[in-house]
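What follows is a single structure, written as structure tokens, with notes after it.
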Amino acid sequence: MAKTSESGAFVEKFILQPTSSSQQLPLSGLTFAVKDIIYMLKHGNRFDVDGYVTGFGNPDWKRTHSAATLTAPAVLDVLEGGATCVGKTIMDEMAYCINGENIHYGTPTNPCAPDRVPGGSSSGSAVAVGAGLVDFSLGSDTGGSVRVPASYCGILGFRPSHDAISTSGVIPMAQSFDTVGWFARDPAVLNRVGRVLLHLPNVNPVTPSQIFIPEDCFSLSSIPSARATGVLIKSIEKLFGGSILKHVNLGDYVKEKVPSLHHFMAKGNDHAYNIPSLAALSSSMRLLQRYEFKKNHAEWITTVNPNLGLRLSERIWDAVRSQEDNIGICRSVQTELRAALTDLLKDEGILVLPTVPGDPPKLQTDLASLEVFRARAFSLLSIAGVSGFCQVSIPLGMHNNLPVSISLLAKHGSDAFLLNLVEALYDTVQEEAGFAGKFTN
């Protein structure tokens, strides 16, 4: 996609050169942008210079906080890998939304669908990549903030295994779920960036042992199966044969294997529009997320009383006022879900999911009208969030002139396996998606 200065992706532009000019470095010649949640000095790793003030998506935050005194290790890694940083990108206020709209700094323009939200909270980072302004970008993903904008902007987005990449130098949202993720258009670039961030050696790709397709999860999506699972199934059959494809009812499996979820399923989550056990999983995640967000930021919010967008203010204040009940049960859910999904996937298994349950919403859509969509989205997003597994969102072209995606999950610590698989699959998936698009658009 052609470069454009109209994308509104950046909150601040500058040039931060790599720490070495060697052309042999893995990211040499690549440019990147950084979400405005990550601390940076103006000369990378020099501690005798001023830093940039990290804005966290809100002018009052920027006004009441000092310049960075360090550069986040994730940024140092890619600078040392040879990449050049060209600026900091717009994000949702306090990382508290997945839409990507910001009343203070503007909403970055979705390069695939300008009348639709770009997704958040790493909105500017996704748009900068989708619009061709940089080769890759860094974001953060707590509840979906890399995966959702990657899907909406038609690019690749990777959420690594929890704790696989240092979040030092990143403003915390909820530490039990916070990760540093990244975006790219090219799967080879996605893989190269991942190897630098994760400090991984080059290893040969490994064929998946099993690929699980949970039909119940895909029933939550409004995208026709021919444009989602159909594309992936044909690609898998071409590359690896159909024998590794397995079908599973994930909702039933999670309900059986994660007994601590029963506490949350008693709260009226048995809705016709959702999967009860995954709705309960989402409830558990959001409870722990609010608890940790409150611990991190309630004092600042109550002291400063910041100017927050109306669409976010109520939800952020609800988090500040929330009770601290059942946190221990939330942590039990995490432990049980990771064990259950590890047992399901084993070493080289893959779980396929819709990244999101449908098309990106239109700009300025009333949040109340998105209630069902958001509930389904968080049910899907919480699977990797609560388990700590790695997940990648892969674009599948356009359907009805809007971007389509699919996600692959692998067990915690299998990031190199997943990155290699994406690179191996990508061209075949795009070919199949293009073919399917001719008949369904």
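For this structure, a couple of remarks:
- Sequence-separation-based contact order of the range 158-268, relative, with Cα cut under 8 Å and 6+ spacing, percent: 21 percent
- Among the listed pairs 294/362; 35/346; 35/362, those beyond 28 Å (Cα-Cα): 294/362; 35/346
- Normalised contact order of the range 72-135, rounded percent, pairs of Cα under 8 Å and 6 or more residues apart: 30 percent
- Between residue 322 and residue 28, residue separation times 0.36 nm minus the direct Cα-Cα distance comes to 101.2 nm.
- Rounded percent of accessible protein surface that carbon and sulfur make up, the chain, 1.4 Å probe: 49 percent
- The range 407-425 residues near the modelled residue 239 label - backbone nitrogen below 15 Å, point 7 Å along Cα→Cβ: 407-410, 416-425
- Modelled this way, with points 7 Å down the Cα-to-C-beta line, the labels at residue 202 and residue 347 are 2.3 nm from one another.
- For the chain, adding -39500 (n - 2.57) for each run of n ≥ 4 DSSP H residues and dividing by the number of residues yields -12000 deg cm²/dmol at 222 nm.
- Within the chain, the whole DSSP H helices whose Cα atoms reach 15 Å or more along their own axis and whose mean Kyte-Doolittle score is at least 0.0 are 187-198, 229-240, 310-320, 327-345, 371-387, 415-440.
- Using the average count of surrounding beta-carbon atoms within 10 Å as a protection proxy, the listed peptides 119-131, 304-316 rank, highest first, as 119-131, 304-316.
- Percent of beta bridges antiparallel (DSSP, the chain, rounded to nearest 5): 70 percent
- Gyration tensor (alpha-carbon) shape descriptor, the range 324-431, a/c threshold 1.5: oblate
- Per residue, in Å², the accessible surface of the chain once ligands and nucleic acids are set aside, probe 1.4 Å: 37 Å²
- Centre separation in Å (Cα based) which lies between the range 47-109 and the range 221-238: 37 Å
- Burial ranking of peptide ranges 72-83, 87-98 (average Cβ count within 10 Å, highest at the top): 87-98, 72-83
- Straight-distance candidates among the aspartates and glutamates for linking to residue 234, with alpha-carbon spacing under 15 Å and chain neighbours fewer than 8 residues away dropped: 427, 431, 432.
- Take each peptide in 61-68, 377-384, 36-43, count the other Cβ atoms within 10 Å of every residue, and average; sorted highest first, the result is 377-384, 36-43, 61-68.
- Rounded if a/c under 1.5, otherwise prolate or oblate - the chain, Cα gyration tensor axes: rounded
- Gap separating the Cα centres of the range 159-190 and the range 273-328, nearest whole Å: 21 Å
- In this view, the solvent-accessible surface of residue 237, computed with a 1.4 Å probe and all protein chains in place, comes to about 90 Å².
- Theoretical FRET efficiency, 1/(1+(r/R0)^6), r = Cβ-Cβ of residue 369 and residue 62, R0 41 Å, to 0.05: 0.80
- Overall, the anisotropy analysis places the range 276-320 in the oblate class: the square-rooted eigenvalues a ≥ b ≥ c of its C-alpha gyration tensor yield a/c not less than 1.5, with a/b not exceeding b/c.
The values are calculated or read from the model by the stated rules, or taken from the named source; none is laboratory data. Please read these numbers as outputs of a predicted model, since none were measured by experiment. Reconstructed Cβ throughout: ideal geometry from the backbone, glycine too, with neighbour counts over all protein chains shown. Please note that ligands, DNA and RNA were not included when accessible areas were found on the heavy atoms of the full protein model with its side chains. Shrake-Rupley method; radii C 1.70, N 1.55, O 1.52, S 1.80 Å.
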